[in-house]
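In what follows, a single structure is set out as structure tokens and then discussed.
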Amino acid sequence: MTHIPYGKAAREPWTVEITPALAGWDYAGLRVTESSCAFHTGDEEMVVLPLSGSAVVTVDGERFELAGRESVFAGPSDFVYLPIGAEVTLETHGKVALPSARATKRLSARYAPASGVSVEFRGAGRSSRQVNNFCAPGAFDCDKLVAVEVLTPGGNWSSYPPHKHDTPNPGEAVLEEVYYFEGGPGYQRVYTSERGPIDTMAEVFPGDVVLVPYGYHGPSMAAPGYDLYYLNVLAGPAEERSMSFCDDPRHAWIRATWDDQEVDPRLPFGRTS
């Protein structure tokens with residue numbers, strides 16, 4: 001099942017728990033909670049990312065306070081990196097996401113301020129969207145984990161043109177990918193590539209998840225009048241972290257049309273510094 005509606009992947013204390021085993025793959029995972037809890041990271045590196053409200057995180061006895069944010073549309077949040085093999089206590093005052101990846105290198109626990117999160121606009125016109133590159137390659141150091149936030153104004157399309165990360169080619173990384181949604185309603189498409197058949201056209205609501213083991217994915221469509229947020233979690237076997245992709249060649253021409261269009265003036269969402 002590639003579309004997992006809210007509540008279908010819940011297990012205390014998590015309102016969403018996507019493990020590699022549940023997804024049927026090897027690396028990427030995601031947990032979401034609104035409850036305080038204690039846990040061990042095991043063989044997964046993680047990031048504690050407030051979606052709304054604040055949090056306090058204690059990692060192997062080291063305490064970090066997260067100011068968080070009012071909502072995912074209020075700008076980037078500060079966050080904390082959790083290494084593999086760590087004892088963690090999480091005190092939540094809102095909703096917190098924990099993107100994760102199976103890893104082998106143990107890095108240090110670290111705090112990252114919201115002011116250090118780079119914000120970029122991608123696309124133009126009705127393909128305009130905002131990307132918060134909080135845990136992108138080159139922006140924050142991890143072993144395997146890659147994660148970004150994408151915010152799409154109502155009526156716009158993102159993850160467009162459709163693209164894939166499933167074949168080891170120059171310029172394309174092999175990645176498992178999780179989409180976690182807030183806002184909306186919206187719509188998410190995943191379809192067949194040379195890796196194999198897959199066919200998802202899901203109406204998504206807050207708390208829903210779409211899994212992309214392979215295949216072209218996109219567009220992510222925000223219904224008119226409803227802004228859409230998704231958290232992308234990606235991980236794969238390569239030694240070097242990358243988000244490299246290959247466009248569906250039938251639709252790659254779309255990128256050239258953005259040169260003559262303005263970025264949607266409704267962007268940015270929230271603060272960008």
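The values are calculated or read from the model by the stated rules, or taken from the named source; none is laboratory data. Just so it is clear, the structure is predicted and the values come from calculations on it, not from any experiment. Heads up, the Cβs are rebuilt from the backbone with ideal geometry, glycines too, and the neighbour counts pull from every protein chain shown. Note: areas computed on protein heavy atoms with side chains; ligands, DNA, RNA excluded. Shrake-Rupley method; radii C 1.70, N 1.55, O 1.52, S 1.80 Å.
Listed here are the strands (runs of 3 or more DSSP E) enclosed by region 109-197 that have at least 3 residues being open to solvent by 10 Å² or more (accessible area, probe 1.4 Å), free of Cβ contacts under 8 Å to residues at least 40 places away in the same chain and more than 28 Å from T19 (Cβ to Cβ), and there are none.
Inspect all residues belonging to region 247-254 and state whether any of them is open to solvent by less than 80 Å² (accessible area, probe 1.4 Å), of a type outside the set (D, E) and in contact with a Lys or Arg (Cβ under 6 Å, 6 or more places away or on another chain). No, region 247-254 contains no residue that is open to solvent by less than 80 Å² (accessible area, probe 1.4 Å), of a type outside the set (D, E) and in contact with a Lys or Arg (Cβ under 6 Å, 6 or more places away or on another chain). Among the residues of region 1-24, those that are surrounded by fewer than 21 Cβ atoms within 10 Å (Cβ to Cβ), touching a strand residue (DSSP E or B) at 6+ places or on another chain (Cβ under 7 Å) and not in a strand (DSSP E or B) comprise T2, A10, P13, T15, T19, P20.
Taking the conditions (1) open to solvent by less than 10 Å² (accessible area, probe 1.4 Å); (2) charged (D, E, K, R); (3) without any contact (Cβ under 8 Å) to a residue 24 or more places away in the chain in turn, E203 satisfies each one other than (1).
Put simply, of G29, G68 the only residue that is open to solvent by less than 20 Å² (accessible area, probe 1.4 Å), closer than 15 Å to H93 by Cα and in contact (Cβ under 8 Å) with a residue 24 or more places away in the chain is G68.
Listed here are the residues, each with its yes/no results for (1) at pLDDT 95 or above; (2) out of contact with any Asp or Glu (no Cβ under 6 Å at 6 or more places or on another chain); (3) farther than 28 Å from L175 by Cβ; (4) in a strand (DSSP E or B).
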position: E65; (1), (2), (3), (4): yes, yes, yes, yes
position: G68; (1), (2), (3), (4): yes, yes, no, yes
position: V72; (1), (2), (3), (4): yes, no, no, no
position: S77; (1), (2), (3), (4): yes, yes, no, no
position: Y81; (1), (2), (3), (4): yes, yes, no, yes
position: E91; (1), (2), (3), (4): yes, yes, yes, yes
position: K95; (1), (2), (3), (4): yes, no, no, yes
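When region 217-246 is filtered for residues that are within 14 Å of R129 (Cβ to Cβ) and open to solvent by less than 20 Å² (accessible area, probe 1.4 Å), the ones remaining, listed by number, are G218, P219, S220, A222, L228, Y229, Y230, L231, N232.
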